[in-house]
Amino acid sequence: MGASAPTGNQTGSRALVGMEAPAVTVETHLPGGLPGFTLVGMPETAVREARDRVKSAIQNCGFDYPQGRVVVNLAPAELVKEGARFDLPIAVSILRATRQLPAASPGSFGADLEFIGELGLYGEVRATRGCLCAALTLNHEGPPGRRLVAPAANAPELGIGPRARLLLADHLSTVAAFLRAPESAPLPSPPAAAPDPLASGPDLDDVLGQHAAKRALTIAAAGGHHLLMVGPPGTGKTMLARRLGMLLPDLDAERAMEVAAAYSAAGMPAPPGARPPFRDPHHSASPPALVGGGRHALPGEISLAHRGVLFLDELPHFKPSALDLLREPLESRVVSIARAGYRVRFPAAFQLVAAMNPCPAGRVCTEHTCRCLPEQVRRYQARVSGPLLDRIDLHVPVPPLPEHLMTATVDEAGPSGIDARRAVADARRRQHARQGGLNADLAGRRAIEVAGLTPAGRRLLERAASRFQLSARGAHRVLRSARSIADLAGAARVDTAHLGEALGFRALNWDDGLGAAVSQGS
Ligand SMILES: [Zn+2]
(Lines give C-alpha, C1' and ligand atoms only; values in the text may rest on other atoms or scores of the structure.)
Protein backbone atom coordinates (compact mmCIF):
# COMPACT_ATOMS: atom_id res chain seq x y z
CA MET A 1 0.00 0.00 0.00
CA GLY A 2 2.63 2.46 -1.13
CA ALA A 3 0.31 5.39 -1.76
CA SER A 4 -1.31 5.29 1.68
CA ALA A 5 -1.09 8.61 3.44
CA PRO A 6 -3.28 8.61 6.54
CA THR A 7 -3.03 12.33 7.13
CA GLY A 8 -4.70 14.42 4.48
CA ASN A 9 -6.51 11.39 3.11
CA GLN A 10 -9.40 11.20 5.52
CA THR A 11 -12.95 12.12 4.61
CA GLY A 12 -15.57 12.38 7.35
CA SER A 13 -19.03 10.84 7.31
CA ARG A 14 -21.66 9.46 9.70
CA ALA A 15 -23.30 6.05 10.03
CA LEU A 16 -26.88 5.55 11.22
CA VAL A 17 -27.50 3.19 14.14
CA GLY A 18 -31.11 3.57 15.22
CA MET A 19 -31.32 7.34 15.62
CA GLU A 20 -27.67 7.83 16.54
CA ALA A 21 -25.17 8.88 13.88
CA PRO A 22 -21.64 7.94 15.02
CA ALA A 23 -18.69 9.41 13.08
CA VAL A 24 -17.12 7.36 10.31
CA THR A 25 -13.83 8.03 8.53
CA VAL A 26 -13.40 7.13 4.85
CA GLU A 27 -9.87 6.47 3.55
CA THR A 28 -8.85 5.59 0.00
CA HIS A 29 -5.65 3.80 -0.92
CA LEU A 30 -4.37 3.31 -4.48
CA PRO A 31 -1.89 0.41 -4.33
CA GLY A 32 -1.64 0.10 -8.13
CA GLY A 33 -1.91 -3.36 -9.69
CA LEU A 34 -4.87 -4.81 -11.55
CA PRO A 35 -8.17 -2.91 -11.63
CA GLY A 36 -10.43 -3.76 -8.73
CA PHE A 37 -12.47 -2.25 -5.95
CA THR A 38 -12.23 -3.32 -2.34
CA LEU A 39 -14.39 -1.72 0.29
CA VAL A 40 -13.50 -2.67 3.84
CA GLY A 41 -16.19 -2.50 6.49
CA MET A 42 -19.42 -3.00 4.59
CA PRO A 43 -21.52 -6.05 3.66
CA GLU A 44 -20.70 -7.62 0.27
CA THR A 45 -23.83 -6.76 -1.74
CA ALA A 46 -23.79 -3.16 -0.48
CA VAL A 47 -20.15 -2.90 -1.62
CA ARG A 48 -20.92 -3.98 -5.17
CA GLU A 49 -23.78 -1.51 -5.49
CA ALA A 50 -21.74 1.34 -3.99
CA ARG A 51 -18.87 0.66 -6.40
CA ASP A 52 -21.13 0.84 -9.46
CA ARG A 53 -22.81 4.07 -8.36
CA VAL A 54 -19.61 5.81 -7.26
CA LYS A 55 -17.65 4.81 -10.37
CA SER A 56 -20.26 5.98 -12.86
CA ALA A 57 -20.99 9.19 -10.89
CA ILE A 58 -17.27 10.05 -10.94
CA GLN A 59 -16.96 9.33 -14.66
CA ASN A 60 -20.21 11.08 -15.62
CA CYS A 61 -19.06 14.22 -13.80
CA GLY A 62 -16.00 14.37 -16.07
CA PHE A 63 -13.46 13.01 -13.57
CA ASP A 64 -11.09 10.09 -14.06
CA TYR A 65 -11.72 6.87 -12.18
CA PRO A 66 -8.41 5.27 -11.07
CA GLN A 67 -6.98 2.64 -13.45
CA GLY A 68 -5.58 0.23 -10.88
CA ARG A 69 -6.85 -1.18 -7.64
CA VAL A 70 -8.95 1.03 -5.35
CA VAL A 71 -9.12 0.16 -1.65
CA VAL A 72 -11.62 2.13 0.43
CA ASN A 73 -11.66 1.69 4.18
CA LEU A 74 -14.60 2.72 6.39
CA ALA A 75 -13.55 3.05 10.02
CA PRO A 76 -14.24 2.13 12.77
CA ALA A 77 -14.53 -1.44 11.50
CA GLU A 78 -16.86 -2.69 14.24
CA LEU A 79 -19.58 -0.15 13.42
CA VAL A 80 -22.50 -1.37 11.29
CA LYS A 81 -22.44 0.53 8.01
CA GLU A 82 -25.44 -0.02 5.79
CA GLY A 83 -27.09 1.68 2.88
CA ALA A 84 -25.99 4.10 0.24
CA ARG A 85 -25.25 7.04 2.57
CA PHE A 86 -21.46 6.62 2.08
CA ASP A 87 -21.53 7.09 -1.73
CA LEU A 88 -20.75 10.81 -1.58
CA PRO A 89 -17.92 10.60 1.00
CA ILE A 90 -16.41 7.62 -0.91
CA ALA A 91 -16.50 9.62 -4.18
CA VAL A 92 -14.93 12.64 -2.49
CA SER A 93 -12.30 10.40 -0.90
CA ILE A 94 -11.37 8.83 -4.27
CA LEU A 95 -11.17 12.26 -5.94
CA ARG A 96 -8.95 13.49 -3.12
CA ALA A 97 -6.69 10.42 -3.30
CA THR A 98 -6.27 10.93 -7.06
CA ARG A 99 -5.48 14.65 -6.56
CA GLN A 100 -8.49 15.69 -8.59
CA LEU A 101 -9.66 17.52 -5.48
CA PRO A 102 -7.41 19.22 -2.90
CA ALA A 103 -6.29 16.86 -0.12
CA ALA A 104 -7.92 17.45 3.24
CA SER A 105 -4.79 17.78 5.33
CA PRO A 106 -5.39 18.84 8.95
CA GLY A 107 -6.11 22.55 9.16
CA SER A 108 -6.78 22.92 5.45
CA PHE A 109 -10.18 23.76 4.02
CA GLY A 110 -12.32 20.67 3.72
CA ALA A 111 -10.70 18.80 6.63
CA ASP A 112 -13.58 19.86 8.86
CA LEU A 113 -16.31 18.65 6.49
CA GLU A 114 -18.43 15.51 6.72
CA PHE A 115 -20.46 14.09 3.84
CA ILE A 116 -23.61 11.99 3.62
CA GLY A 117 -25.53 11.14 0.48
CA GLU A 118 -26.53 8.47 -1.99
CA LEU A 119 -25.30 9.14 -5.52
CA GLY A 120 -27.23 8.58 -8.73
CA LEU A 121 -25.36 7.22 -11.76
CA TYR A 122 -24.99 10.75 -13.18
CA GLY A 123 -23.69 12.26 -9.96
CA GLU A 124 -26.95 13.61 -8.54
CA VAL A 125 -27.11 13.50 -4.74
CA ARG A 126 -30.25 11.69 -3.65
CA ALA A 127 -32.36 11.91 -0.50
CA THR A 128 -30.82 9.75 2.21
CA ARG A 129 -32.31 8.28 5.37
CA GLY A 130 -31.38 9.76 8.76
CA CYS A 131 -29.94 13.15 7.72
CA LEU A 132 -31.68 14.95 10.59
CA CYS A 133 -30.32 12.30 13.00
CA ALA A 134 -26.81 13.01 11.66
CA ALA A 135 -27.30 16.76 12.02
CA LEU A 136 -28.49 16.35 15.62
CA THR A 137 -25.61 14.02 16.57
CA LEU A 138 -23.08 16.35 14.94
CA ASN A 139 -24.53 19.33 16.78
CA HIS A 140 -24.49 17.43 20.05
CA GLU A 141 -21.06 15.81 20.00
CA GLY A 142 -19.18 16.85 16.85
CA PRO A 143 -15.87 18.72 17.25
CA PRO A 144 -16.20 22.52 16.98
CA GLY A 145 -16.03 23.81 13.42
CA ARG A 146 -17.22 20.53 11.90
CA ARG A 147 -19.85 20.89 9.20
CA LEU A 148 -22.01 18.36 7.34
CA VAL A 149 -22.67 18.32 3.60
CA ALA A 150 -26.06 16.61 3.17
CA PRO A 151 -28.44 16.00 0.26
CA ALA A 152 -30.44 19.08 -0.79
CA ALA A 153 -33.40 16.71 -1.16
CA ASN A 154 -33.39 16.38 2.65
CA ALA A 155 -33.69 20.16 3.17
CA PRO A 156 -37.26 19.99 4.61
CA GLU A 157 -36.28 17.77 7.56
CA LEU A 158 -32.94 19.54 8.03
CA GLY A 159 -34.78 22.87 8.28
CA ILE A 160 -36.45 21.65 11.48
CA GLY A 161 -33.21 21.07 13.40
CA PRO A 162 -30.07 23.13 14.15
CA ARG A 163 -28.88 24.46 10.78
CA ALA A 164 -25.64 26.34 11.53
CA ARG A 165 -23.37 23.39 10.65
CA LEU A 166 -25.24 22.22 7.54
CA LEU A 167 -24.56 22.62 3.83
CA LEU A 168 -26.75 21.25 1.03
CA ALA A 169 -25.53 19.44 -2.06
CA ASP A 170 -27.57 18.39 -5.08
CA HIS A 171 -24.79 17.03 -7.30
CA LEU A 172 -21.26 15.62 -7.06
CA SER A 173 -20.14 18.40 -9.45
CA THR A 174 -21.34 21.18 -7.13
CA VAL A 175 -19.58 19.50 -4.18
CA ALA A 176 -16.37 19.26 -6.21
CA ALA A 177 -16.61 22.92 -7.27
CA PHE A 178 -17.14 23.91 -3.64
CA LEU A 179 -14.12 21.91 -2.43
CA ARG A 180 -11.92 23.53 -5.11
CA ALA A 181 -13.13 27.08 -4.61
CA PRO A 182 -15.41 27.49 -1.58
CA GLU A 183 -15.71 31.25 -2.04
CA SER A 184 -16.84 31.27 -5.64
CA ALA A 185 -18.99 28.13 -5.47
CA PRO A 186 -20.49 28.08 -1.96
CA LEU A 187 -23.02 25.45 -0.93
CA PRO A 188 -26.31 26.76 0.52
CA SER A 189 -27.59 26.09 4.03
CA PRO A 190 -31.06 24.63 4.54
CA PRO A 191 -33.80 27.24 4.99
CA ALA A 192 -35.70 27.17 8.28
CA ALA A 193 -38.83 25.04 8.04
CA ALA A 194 -41.80 27.32 7.50
CA PRO A 195 -44.38 27.01 10.28
CA ASP A 196 -47.43 25.30 8.84
CA PRO A 197 -50.75 27.07 9.29
CA LEU A 198 -52.83 24.87 11.60
CA ALA A 199 -53.68 21.87 9.49
CA SER A 200 -57.44 21.58 9.33
CA GLY A 201 -58.14 17.97 10.13
CA PRO A 202 -61.24 16.03 11.05
CA ASP A 203 -63.27 17.71 13.79
CA LEU A 204 -65.24 16.22 16.66
CA ASP A 205 -68.29 18.11 15.42
CA ASP A 206 -68.46 16.00 12.23
CA VAL A 207 -69.40 12.91 14.27
CA LEU A 208 -73.09 12.65 15.12
CA GLY A 209 -74.13 11.28 18.49
CA GLN A 210 -71.67 9.04 20.39
CA HIS A 211 -71.47 11.50 23.27
CA ALA A 212 -69.97 8.93 25.63
CA ALA A 213 -67.21 8.15 23.14
CA LYS A 214 -66.54 11.83 22.43
CA ARG A 215 -66.36 12.47 26.14
CA ALA A 216 -63.92 9.56 26.54
CA LEU A 217 -61.79 10.98 23.72
CA THR A 218 -61.72 14.36 25.44
CA ILE A 219 -60.65 12.75 28.74
CA ALA A 220 -58.04 10.64 26.93
CA ALA A 221 -56.66 13.76 25.21
CA ALA A 222 -56.61 15.71 28.47
CA GLY A 223 -54.68 13.13 30.50
CA GLY A 224 -52.83 11.18 27.79
CA HIS A 225 -54.77 8.00 28.62
CA HIS A 226 -54.90 4.92 26.41
CA LEU A 227 -58.42 4.19 25.17
CA LEU A 228 -60.36 1.13 24.00
CA MET A 229 -63.58 1.49 22.01
CA VAL A 230 -65.88 -1.51 21.78
CA GLY A 231 -68.80 -1.62 19.39
CA PRO A 232 -70.22 -3.25 16.29
CA PRO A 233 -68.97 -2.26 12.81
CA GLY A 234 -70.24 0.96 11.29
CA THR A 235 -70.60 2.93 14.52
CA GLY A 236 -67.82 5.38 13.69
CA LYS A 237 -64.97 4.01 15.82
CA THR A 238 -62.39 4.90 13.16
CA MET A 239 -63.88 8.38 12.64
CA LEU A 240 -63.74 8.95 16.38
CA ALA A 241 -60.13 7.78 16.71
CA ARG A 242 -59.04 10.22 14.01
CA ARG A 243 -60.60 13.05 16.01
CA LEU A 244 -58.31 12.44 18.99
CA GLY A 245 -55.46 13.93 16.98
CA MET A 246 -57.38 17.19 16.58
CA LEU A 247 -58.05 17.41 20.31
CA LEU A 248 -54.34 17.24 21.14
CA PRO A 249 -52.42 20.52 21.33
CA ASP A 250 -49.51 21.34 18.98
CA LEU A 251 -46.18 19.82 19.98
CA ASP A 252 -43.57 22.14 21.46
CA ALA A 253 -40.34 22.64 19.48
CA GLU A 254 -38.39 19.96 21.37
CA ARG A 255 -41.09 17.31 20.90
CA ALA A 256 -41.66 18.21 17.26
CA MET A 257 -37.92 17.63 16.77
CA GLU A 258 -38.09 14.20 18.43
CA VAL A 259 -40.90 13.27 16.05
CA ALA A 260 -39.03 14.60 13.01
CA ALA A 261 -35.89 12.65 14.02
CA ALA A 262 -37.87 9.38 14.24
CA TYR A 263 -39.31 10.00 10.77
CA SER A 264 -35.83 10.88 9.48
CA ALA A 265 -34.51 7.53 10.76
CA ALA A 266 -37.37 5.85 8.91
CA GLY A 267 -36.63 7.82 5.73
CA MET A 268 -40.09 9.42 5.78
CA PRO A 269 -41.28 13.03 5.77
CA ALA A 270 -42.41 14.19 9.22
CA PRO A 271 -46.06 15.18 9.82
CA PRO A 272 -46.64 18.80 8.72
CA GLY A 273 -46.37 21.64 11.23
CA ALA A 274 -46.14 20.68 14.87
CA ARG A 275 -49.16 18.39 14.86
CA PRO A 276 -48.93 15.11 16.78
CA PRO A 277 -48.60 12.18 14.38
CA PHE A 278 -51.48 9.75 13.79
CA ARG A 279 -50.68 6.20 12.69
CA ASP A 280 -53.17 3.44 11.94
CA PRO A 281 -51.32 0.27 10.88
CA HIS A 282 -53.39 -2.60 9.45
CA HIS A 283 -53.87 -5.64 11.66
CA SER A 284 -51.77 -7.70 9.24
CA ALA A 285 -48.71 -5.62 10.21
CA SER A 286 -45.70 -7.78 11.10
CA PRO A 287 -44.10 -7.41 14.53
CA PRO A 288 -41.08 -5.52 13.07
CA ALA A 289 -43.39 -3.18 11.14
CA LEU A 290 -45.30 -2.48 14.33
CA VAL A 291 -42.54 -2.12 16.92
CA GLY A 292 -39.45 -1.66 14.75
CA GLY A 293 -36.57 -3.81 13.57
CA GLY A 294 -36.16 -5.71 10.32
CA ARG A 295 -33.02 -5.87 8.21
CA HIS A 296 -32.07 -2.21 8.58
CA ALA A 297 -33.35 -1.72 12.16
CA LEU A 298 -35.96 0.84 11.14
CA PRO A 299 -38.38 2.50 13.56
CA GLY A 300 -41.81 0.82 13.64
CA GLU A 301 -45.31 2.24 13.80
CA ILE A 302 -45.10 2.79 17.56
CA SER A 303 -42.13 5.12 17.03
CA LEU A 304 -43.76 6.87 14.07
CA ALA A 305 -46.65 7.51 16.51
CA HIS A 306 -44.23 8.94 19.12
CA ARG A 307 -45.85 12.00 20.80
CA GLY A 308 -49.03 11.21 18.87
CA VAL A 309 -51.71 8.58 18.42
CA LEU A 310 -51.37 4.89 17.50
CA PHE A 311 -54.77 3.60 16.36
CA LEU A 312 -55.19 -0.17 16.25
CA ASP A 313 -58.54 -1.02 14.66
CA GLU A 314 -59.81 -4.61 15.00
CA LEU A 315 -57.44 -5.14 17.91
CA PRO A 316 -58.12 -8.91 18.30
CA HIS A 317 -57.04 -9.46 14.68
CA PHE A 318 -53.48 -8.28 15.33
CA LYS A 319 -50.99 -11.09 15.83
CA PRO A 320 -50.79 -11.90 19.55
CA SER A 321 -46.99 -11.92 19.19
CA ALA A 322 -47.13 -8.34 17.89
CA LEU A 323 -49.50 -7.18 20.65
CA ASP A 324 -47.24 -8.75 23.28
CA LEU A 325 -44.39 -6.57 22.03
CA LEU A 326 -46.47 -3.45 22.76
CA ARG A 327 -46.61 -4.06 26.49
CA GLU A 328 -43.13 -2.96 27.40
CA PRO A 329 -43.06 0.24 25.31
CA LEU A 330 -46.48 1.17 26.74
CA GLU A 331 -44.78 1.38 30.15
CA SER A 332 -41.24 2.46 29.32
CA ARG A 333 -42.11 4.81 26.40
CA VAL A 334 -39.11 3.55 24.43
CA VAL A 335 -38.49 0.41 22.39
CA SER A 336 -35.19 -1.41 22.42
CA ILE A 337 -34.36 -3.71 19.50
CA ALA A 338 -31.61 -6.30 19.77
CA ARG A 339 -29.39 -6.85 16.72
CA ALA A 340 -26.42 -9.14 16.32
CA GLY A 341 -23.89 -7.51 18.62
CA TYR A 342 -25.69 -4.23 19.35
CA ARG A 343 -28.98 -2.65 20.35
CA VAL A 344 -30.93 0.25 18.93
CA ARG A 345 -33.47 2.32 20.82
CA PHE A 346 -36.33 4.31 19.39
CA PRO A 347 -38.70 6.62 21.27
CA ALA A 348 -42.25 5.26 21.63
CA ALA A 349 -44.26 7.65 23.82
CA PHE A 350 -47.46 7.07 21.89
CA GLN A 351 -51.07 7.21 22.99
CA LEU A 352 -52.87 3.97 22.16
CA VAL A 353 -56.41 4.05 20.81
CA ALA A 354 -57.74 0.56 20.13
CA ALA A 355 -61.07 -0.52 18.69
CA MET A 356 -62.78 -3.87 18.49
CA ASN A 357 -66.08 -5.56 17.80
CA PRO A 358 -67.80 -7.15 20.78
CA CYS A 359 -67.80 -10.58 19.11
CA PRO A 360 -65.92 -12.41 16.35
CA ALA A 361 -68.75 -12.16 13.82
CA GLY A 362 -69.14 -8.41 14.32
CA ARG A 363 -70.41 -7.81 10.84
CA VAL A 364 -73.47 -10.07 11.00
CA CYS A 365 -74.28 -9.79 14.69
CA THR A 366 -75.90 -6.80 16.34
CA GLU A 367 -76.04 -6.34 20.07
CA HIS A 368 -79.30 -8.23 20.62
CA THR A 369 -78.89 -10.80 17.87
CA CYS A 370 -75.39 -12.10 18.45
CA ARG A 371 -75.38 -15.75 17.40
CA CYS A 372 -71.81 -16.44 18.34
CA LEU A 373 -71.23 -19.22 20.84
CA PRO A 374 -70.11 -17.98 24.27
CA GLU A 375 -66.91 -19.99 23.79
CA GLN A 376 -66.21 -18.23 20.48
CA VAL A 377 -66.76 -14.82 22.08
CA ARG A 378 -64.55 -15.76 25.00
CA ARG A 379 -61.72 -16.93 22.75
CA TYR A 380 -61.99 -13.81 20.59
CA GLN A 381 -61.86 -11.44 23.54
CA ALA A 382 -59.08 -13.44 25.18
CA ARG A 383 -56.79 -12.48 22.31
CA VAL A 384 -56.47 -9.04 23.87
CA SER A 385 -57.50 -9.38 27.49
CA GLY A 386 -54.93 -9.50 30.24
CA PRO A 387 -51.81 -7.41 30.54
CA LEU A 388 -52.38 -5.25 27.45
CA LEU A 389 -55.94 -4.41 28.43
CA ASP A 390 -54.68 -3.71 31.89
CA ARG A 391 -52.68 -0.76 30.60
CA ILE A 392 -55.70 0.91 28.98
CA ASP A 393 -57.32 3.37 31.40
CA LEU A 394 -60.51 4.09 29.47
CA HIS A 395 -62.86 1.47 28.02
CA VAL A 396 -65.82 2.92 26.18
CA PRO A 397 -68.79 1.32 24.41
CA VAL A 398 -69.65 2.70 20.96
CA PRO A 399 -73.20 1.48 20.33
CA PRO A 400 -75.12 1.70 17.03
CA LEU A 401 -76.64 5.15 16.44
CA PRO A 402 -80.31 5.61 17.37
CA GLU A 403 -82.66 5.99 14.39
CA HIS A 404 -83.24 9.74 14.66
CA LEU A 405 -79.52 10.48 14.38
CA MET A 406 -79.00 8.24 11.35
CA THR A 407 -80.72 10.83 9.16
CA ALA A 408 -79.79 14.00 11.06
CA THR A 409 -77.21 16.36 9.58
CA VAL A 410 -76.58 18.59 12.59
CA ASP A 411 -75.99 17.35 16.10
CA GLU A 412 -77.18 19.95 18.59
CA ALA A 413 -76.28 18.23 21.83
CA GLY A 414 -72.82 17.93 23.33
CA PRO A 415 -69.88 20.33 23.51
CA SER A 416 -68.31 21.64 20.30
CA GLY A 417 -64.89 20.52 19.12
CA ILE A 418 -63.42 23.97 19.76
CA ASP A 419 -64.67 23.97 23.36
CA ALA A 420 -63.26 20.47 23.86
CA ARG A 421 -59.86 21.51 22.45
CA ARG A 422 -59.72 24.49 24.79
CA ALA A 423 -60.71 22.36 27.81
CA VAL A 424 -58.02 19.80 26.92
CA ALA A 425 -55.33 22.50 26.68
CA ASP A 426 -56.38 23.97 30.06
CA ALA A 427 -56.44 20.54 31.72
CA ARG A 428 -52.94 19.77 30.41
CA ARG A 429 -51.62 23.08 31.74
CA ARG A 430 -52.99 22.22 35.20
CA GLN A 431 -51.28 18.81 35.16
CA HIS A 432 -47.92 20.22 34.12
CA ALA A 433 -48.09 22.92 36.80
CA ARG A 434 -49.04 20.36 39.48
CA GLN A 435 -46.91 17.30 38.67
CA GLY A 436 -44.77 18.17 35.64
CA GLY A 437 -46.38 15.49 33.46
CA LEU A 438 -49.65 13.94 32.35
CA ASN A 439 -52.08 12.01 34.57
CA ALA A 440 -51.70 8.84 32.51
CA ASP A 441 -48.06 8.67 33.63
CA LEU A 442 -48.85 8.83 37.36
CA ALA A 443 -47.48 5.63 38.84
CA GLY A 444 -48.89 3.76 41.84
CA ARG A 445 -49.34 5.75 45.04
CA ARG A 446 -48.54 9.00 43.26
CA ALA A 447 -51.99 8.74 41.66
CA ILE A 448 -53.52 8.79 45.16
CA GLU A 449 -51.44 11.79 46.30
CA VAL A 450 -52.23 13.82 43.21
CA ALA A 451 -55.95 13.01 43.27
CA GLY A 452 -56.50 14.89 46.55
CA LEU A 453 -59.70 12.89 47.13
CA THR A 454 -62.52 14.57 49.03
CA PRO A 455 -63.80 12.54 52.04
CA ALA A 456 -66.92 11.56 50.08
CA GLY A 457 -64.73 10.62 47.12
CA ARG A 458 -62.59 8.42 49.33
CA ARG A 459 -65.69 6.60 50.66
CA LEU A 460 -66.99 6.04 47.12
CA LEU A 461 -63.65 4.62 45.95
CA GLU A 462 -63.56 2.23 48.94
CA ARG A 463 -67.11 1.05 48.23
CA ALA A 464 -66.36 0.61 44.53
CA ALA A 465 -63.14 -1.24 45.28
CA SER A 466 -64.92 -3.86 47.35
CA ARG A 467 -67.98 -4.12 45.11
CA PHE A 468 -66.07 -4.43 41.80
CA GLN A 469 -63.13 -6.21 43.46
CA LEU A 470 -60.73 -3.57 42.20
CA SER A 471 -57.07 -4.37 42.70
CA ALA A 472 -54.74 -1.62 43.91
CA ARG A 473 -53.61 -1.21 40.29
CA GLY A 474 -57.22 -1.00 39.15
CA ALA A 475 -57.96 1.66 41.78
CA HIS A 476 -54.96 3.69 40.63
CA ARG A 477 -56.19 3.55 37.05
CA VAL A 478 -59.63 4.80 38.07
CA LEU A 479 -57.98 7.59 40.05
CA ARG A 480 -55.84 8.62 37.07
CA SER A 481 -58.80 9.05 34.76
CA ALA A 482 -60.86 10.65 37.58
CA ARG A 483 -57.99 13.15 38.00
CA SER A 484 -58.24 14.04 34.30
CA ILE A 485 -62.02 14.43 34.57
CA ALA A 486 -61.52 16.77 37.54
CA ASP A 487 -58.85 18.69 35.58
CA LEU A 488 -61.27 19.16 32.67
CA ALA A 489 -63.72 20.63 35.19
CA GLY A 490 -61.04 22.81 36.77
CA ALA A 491 -61.54 21.07 40.15
CA ALA A 492 -58.66 20.98 42.64
CA ARG A 493 -59.81 17.75 44.32
CA VAL A 494 -61.28 14.56 42.90
CA ASP A 495 -64.87 14.19 44.08
CA THR A 496 -67.65 11.61 43.74
CA ALA A 497 -68.89 12.88 40.35
CA HIS A 498 -65.42 12.58 38.80
CA LEU A 499 -64.92 9.11 40.30
CA GLY A 500 -68.36 7.94 39.20
CA GLU A 501 -67.65 8.91 35.62
CA ALA A 502 -64.20 7.28 35.72
CA LEU A 503 -65.68 4.05 37.12
CA GLY A 504 -68.14 4.04 34.21
CA PHE A 505 -65.20 3.79 31.80
CA ARG A 506 -64.04 0.58 33.52
CA ALA A 507 -67.41 -1.16 33.53
CA LEU A 508 -67.11 -3.35 30.44
CA ASN A 509 -67.81 -6.85 31.61
CA TRP A 510 -65.32 -9.08 29.90
CA ASP A 511 -66.52 -12.34 31.38
CA ASP A 512 -70.08 -12.09 30.13
CA GLY A 513 -69.19 -10.80 26.72
CA LEU A 514 -69.69 -7.18 25.82
CA GLY A 515 -73.33 -7.14 24.80
CA ALA A 516 -74.48 -5.94 28.20
CA ALA A 517 -71.87 -3.23 28.38
CA VAL A 518 -72.73 -1.99 24.90
CA SER A 519 -76.45 -1.62 25.65
CA GLN A 520 -75.72 -0.04 29.02
CA GLY A 521 -73.82 2.78 27.33
CA SER A 522 -76.54 3.79 24.89
ZN1 LIG B 1 -71.67 -12.36 17.44
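The values are calculated or read from the model by the stated rules, or taken from the named source; none is laboratory data. Keep in mind the model is a prediction, meaning the values are calculated, not measured. Glycine gets a Cβ as well: all are built from the backbone with ideal geometry, and neighbour counts include every protein chain shown. SASA here: full protein model, heavy atoms, side chains in, ligands and nucleic acids out. Shrake-Rupley method; radii C 1.70, N 1.55, O 1.52, S 1.80 Å.
Brief remarks follow.
- Which of Lys81, Lys55 is most accessible, then next, and so on - probe 1.4 Å: Lys55, Lys81
- Top positive-direction residue, dipole computed over the chain with Cβ charges, set Gly490, Ser108, Ile58: Gly490
- Most to least packed among 451-457, 87-93 [average Cβ atoms within 10 Å]: 87-93, 451-457
- Distance from the alpha carbon centroid of region 24-86 to that of region 457-510 works out to 64 angstrom.
- Placing +1 on each Lys and Arg Cβ and -1 on each Asp and Glu Cβ, with no other charges, gives region 54-102 a dipole about its Cα centre of roughly 140 debye.
- Signed unit charges on C-beta, dipole axis of region 280-364, positive-most listed residue Ala340, Ser303, Phe318: Ala340
- Counting only DSSP beta bridges whose two residues both lie in region 308-364, roughly 60 percent are antiparallel.
- The alpha carbon convex hull volume per residue for the chain rounds to 172 Å³.
- Counting only protein heavy atoms and using a 1.4 Å probe, the accessible area of Met42 comes to about 20 Å².
- Distant-in-sequence amide H partners of Val40 (H built 1.01 Å from N, under 5 Å): Val72, Asn73, Leu74
- Our summary gives the chain a relative contact order of 13 percent, counting only alpha carbon pairs under 8 angstrom and 6 or more residues apart.
- Per residue convex hull volume, Cα atoms of region 220-370, in Å³: 118 Å³
- Rounded to whole Hz, the Karplus (6.51, -1.76, 1.60) HN-Hα couplings of region 422-431, x for glycine and proline: 5, 4, 5, 4, 5, 4, 5, 4, 4, 5
- Segment Ala361-Glu462, extension gain: residue separation times 0.36 nm, minus the distance between their alpha carbons: 32.5 nm
- Within the chain, DSSP assigns beta bridges of which about 45% are antiparallel (rounded to the nearest 5).
- Cβ-derived FRET efficiency at R0 45 Å, Gln67 paired with Arg295, nearest 0.05: 0.80
- DSSP beta bridges in region 63-170 [antiparallel fraction, %, rounded to 5]: 20 percent
- Rounded Å value of the spacing that divides the Cα centres of region 422-456 and region 334-360: 26 Å
- For the chain, the Cβ-based charge dipole about the Cα centre amounts to some 1000 debye (Lys, Arg positive; Asp, Glu negative; other atoms uncharged).
- Once backbone amide H atoms are built at 1.01 Å from N, Arg126 has Glu118, Leu119, Gly120 as its partners under 5 Å, excluding neighbours fewer than 5 places away on the same chain.
- Built amide H within the under 5 Å cut-off of Ala354, gap 5+: Leu227, Leu228, Met229, Leu312
- Positive-end residue, region 200-263 charge dipole about Cα centroid, Cβ charges, pick of Ala262, Gly231, Leu208: Gly231
- Those lysines that a straight Cα-Cα span of less than 23 Å connects to Lys214, excepting residues fewer than 8 apart in one chain: Lys237
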